[in-house]
Amino acid sequence: MESIILVSILLYLLSTVGYFAYLFIQKDYLQRTGFFLLLIGFLFHTLTIVYGFIKGGHLPVSNMHETLSFAGWAIAGVFLGIQFKFNLKILGIFAAPILTGIMITVSQLPNEPAAATKIFKSFWLVSHVSVIFIGEAGFALACGLGILYLLQENEIKTKKHRFFFKRLPSLEMLDNIGYVCIVVGFAMLTLGLITGFVYAKAVWGRFWSWDPKEVWAGITWLFYAVLLHERLTVGWRGRRSAIMAIIGFVVLIFTFLGVNLFMEGHHETFTRF
Amino acid sequence: MLDIVLLGINHNTAPIELRECIAFSEDQSKSALHSLMRKTFIKEALLFSTCNRVEVLVVTDDSARAVAETKGFIAEFNKIPLEQFEGSLYVHEGNEAVRHVFRVAASLDSMIVGEPQILGQIKEAYRTAIEEKTSGVILNRLLHRTFFVAKKIRSETGIGDRAVSISYAAVELARKIFGVLEAKKVLLIGAGEMAELAVEHLIRGKVDQVWVANRTFENGVALAKQFNGQAIGFEEIPESLKTVDIIISSTGAPDYVIRPDQVKGVIRKRKNRPLFFIDIAVPRDIDPDINRLSNSYVYDIDDLKGIIDENIEDRQKEAIKGERIVDEAVIGFREWYESLDVVPTIIALRNKMTAIAEAELKKTLQASMISEQEAKAIRKMADSLINKILHDPTQFLKRNGMHENKSFYIDSVRKLFKLDDY
């Protein structure tokens, strides 16, 4: 088990190396190698999750080790999907190092199995958790695309075509794919909140209990809702949209980690260190 | 042994006045090739002539005489005294000639390093030589290697990657902003060679529509017709900003034609879709403050020139990698060229043996009383002796295993059997 995690760390790390080499040397085979390594890493990563599932008999999200691993797995999956659909060669420069970082953190966290309770076996919980994490992965990639957008926009605006100008794709492409990521993320987040409500009603007898995590999830949801609304009505795009995607992801990280570290609530147990 | 010789002039060695005197038109080059082939020492020939250079490539068994013959030919054909151009002429032989051909084709020797036309022009010249049957084993091989090397340099270095003309730089920028240019609308304000060229490049990028605004409406209509576009009135420009994406301006107006408040007014209506202004006019047409507005980008002529200068520098850096690929290719070609020499050596060896056998047979058959049948048997024996004796040396020379020392062995064989002095 540990060794499989190490294998996936190694593969993600090599993929990162491949993507960085591609950034500097601009040979297409480097990018393809990076993608291929990430794909294999993802398969090993999947193995660890399947293993956790079989061993625990439920979705492995009962402690920080498992939750973070699952979040990383979702990012890898969504990244592969986006890459497959749009063939955006450079996004790996963002995804691969993040995955490496997440998996290294995961390997350092203790994996103490939480007391198996019934609640993990609920269909609603499984959907709630998986859908939320896919949404978060979408937002993570949107943040990465936002960063790339700002880098490219800065070079075009200041008329200094240095490092990124020829290495990054067009503004329009970055903006459009970022938008797709946010739409996917938002749809999944919405679905995740709904399943969460249903689950909360079943377990605690009420949809909403002002738990800090719930409040922050609500704030995150509202933030992205505003972003999408403004884009559709007055066309918030480009620079502003990119900045919002980055801020949104910061809020999201706080919802995911910060709330557990600084506040208490009924999500605490699942993400305890 | 055959040698490759190249004579030429180019933009560095000769002024345009001289180059145009020596240039060969397409029709001329056919007859020129034939007159070259009629020269005693020229075995193969290729003629390559563009506005920046004239190169004559020949294969010969006596390079000094071939150079003289070729010089004479150029003078004779163009009716220009030799003294007038001899100083501008460069002569390369062997490896240097090969290197020169590779460098020219890869556009390392061009006025604008990395310009792509030259390879096509060389292919054209080669096709002519093939059609006129003036290209043989050596030039065929050399030219095929040349095309390979040029393509390799183009794909493995960034020599031709980035725009080095104003109009291309503008289009390259448009692609970095909009990605695909399809479905984008272009507004051309005023007229001017560079602006029109940029519009043509954009049309080639399949932009959706071209609008033309000109102070004189008739001129606008004429220009619009040329681009299959539509003319609009000068006063319609602010309104058109709601629709168009790329604006190319090149008027003689003393003041700004488009001001920031006009752009600000349309941003919301455009739903923040980006606007790209290309200002080729001096004095400028587009207020540079527009560049500060969100999703609006303004490039004036100096900005574009700055980009081009950077790009040219980049190309020169890439050219260094290209030179390395050329060096490798020259060595590769030389190896092939030397291997070619094995065959003449084997033939010379066999000829020598046959000559000795003939002489000895003659003596033997004259001296004694030998019947027809016996004579036949003896001749047969002599032939098979030659074959048996030459079998191993021939195999040795043809073998692939002695690559490094090939020239040494060939040299030894030639010395051992005294093949070079007749």
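The values are calculated or read from the model by the stated rules, or taken from the named source; none is laboratory data. What you see is a predicted model; the values in this text were computed from it and never measured. Every residue, glycine as well, gets a Cβ built from its backbone with ideal geometry; the counts of neighbours run over all protein chains shown. Please note that ligands, DNA and RNA were not included when accessible areas were found on the heavy atoms of the full protein model with its side chains. Shrake-Rupley method; radii C 1.70, N 1.55, O 1.52, S 1.80 Å.
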- line: Ranked by GNM mean-square fluctuation in chain B (Cα springs under 10 Å), the top entry among B:246, B:347, B:122 is B:347
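Place a +1 charge on the Cβ of each Lys and Arg in the stretch A:1-120 and a -1 charge on the Cβ of each Asp and Glu, then give the dipole magnitude about the Cα centre in debye, rounded to the nearest 20. Walk me through the intermediate numbers first.
On the way: 6 positive and 4 negative charges, 65 e Å.
Charge dipole of the stretch A:1-120: 320 debye, to the nearest 20.
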query: Can you tell me the Rg and Dmax of the stretch A:122-273, counting just the alpha carbons, in angstroms?
result: 17.5, 59
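Could you check what % of the DSSP bridge pairs in the protein assembly as shown are antiparallel, to the nearest 5? Write out the running numbers ahead of the final one.
Values: 20 of 43 bridges.
Antiparallel bridges: around 45 percent, rounded to the nearest 5.
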- prompt: Picking from B:189, A:127, A:192, whose Cα lies most toward the positive end of the charge dipole for the protein assembly as shown (charges on Cβ: Lys, Arg +1; Asp, Glu -1)?
  reply: A:127
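Any idea of the accessible area per residue across the stretch A:1-120, 1.4 Å probe, to the nearest Å²? Could you put the intermediate results ahead of the total?
Values: 5520 Å² over 120 residues.
That works out to 46 Å² per residue.
Within a Cβ distance under 12 Å of residue B:386, other residues only, what is the Lys/Arg minus Asp/Glu net charge? Don't skip to the answer; put the middle values down first.
Working: positive: B:350, B:352, B:379, B:380, B:388; negative: B:358, B:360, B:383.
Value of the local net charge: +2.
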statement: Taking A:229, A:65 and ranking on accessible area (1.4 Å, protein atoms only), highest first, one gets A:229, A:65
- request: Using a 10 angstrom cutoff on alpha carbons, build the Gaussian network for chain B and name the most mobile of B:179, B:229, B:190.
  value: B:179
task: Considering Cα pairs under 8 angstrom that are at least six residues apart, work out the relative contact order of chain B and quote it in whole percent.
output: 12 percent
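Can you give me the orientation-averaged projected area of the convex hull built on the Cα atoms of the protein assembly as shown, in nm²?
On the way: hull surface 188.9 nm².
Over all viewing directions, the protein assembly as shown projects a mean Cα-hull area of 47.2 nm².
Can you pull out the trypsin sites (Lys or Arg not before Pro) in the stretch A:170-221 that DSSP calls coil and that have at most 10 other Cβ atoms within 10 Å?
Within the stretch A:170-221, the qualifying trypsin sites (Lys or Arg not before Pro) (loop, at most 10 other Cβ atoms within 10 Å) are A:206.
Across peptide B:177-187, how many C-beta atoms of other chains are within 10 Å of each residue C-beta, on average?
On the way: counts 7, 4, 8, 3, 0, 0, 0, 1, 0, 0, 0.
Taking the mean over all residues of the peptide, I get 2.
Work out the mean other chain Cβ neighbour count within 10 Å for the residues of B:141-150 and drop it here as an integer. Walk me through the numbers on the way to the answer.
Values: counts 0, 0, 0, 0, 0, 0, 0, 0, 0, 0.
The per-residue average across the peptide is 0.
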message: Is there a quick way to get the dipole size of the stretch A:93-215? I mean about its Cα centre, with the Cβ of Lys and Arg at +1 and of Asp and Glu at -1; what is the value in debye to the nearest 20?
response: 140 debye
message: Kirkwood hydrodynamic radius, computed over distinct alpha-carbon pairs, for the stretch B:3-161: how many Å, to one decimal?
response: 15.6 Å
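Consider all pairwise Cα distances in the stretch B:342-416 and report the whole-number % of them above 20 Å.
Values: 1197 of 2775 pairs.
Percentage above 20 Å: 43.
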- line: Sorted largest first, the C-alpha extents of the stretch B:186-306 along its principal axes in whole angstrom are 34, 30, 28
task: Under a 10 Å cutoff between Cα atoms, tell me which one of B:258, B:378, B:320 has the largest fluctuation in the Gaussian network model of chain B.
output: B:378
- prompt: Relative contact order (percent) for chain A, with alpha-carbon contacts under 8 angstrom and 6 or more residues of separation?
  reply: 21 percent
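With viscosity set to 1.567 mPa s at 4 °C, what whole-number translational diffusion coefficient in µm²/s follows for chain B from Stokes-Einstein and a Kirkwood radius over Cα pairs?
Working: Rh = 26.8 Å.
So the translational diffusion coefficient is about 48 µm²/s.
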field: Under 23 Å from the Cα of residue B:352 - lysines, other chains or at least 8 residues apart
entry: B:362, B:363, B:376, B:380, B:388, B:398, B:406, B:415, B:418
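Which whole number gives the average count of other chain Cβ atoms within 10 Å of the Cβ atoms across peptide A:153-162? Write down the numbers at each step before the final one.
Working: counts 6, 0, 1, 8, 7, 1, 11, 4, 10, 1.
Across the residues of A:153-162, the mean count of other-chain Cβ atoms within 10 Å is 5.
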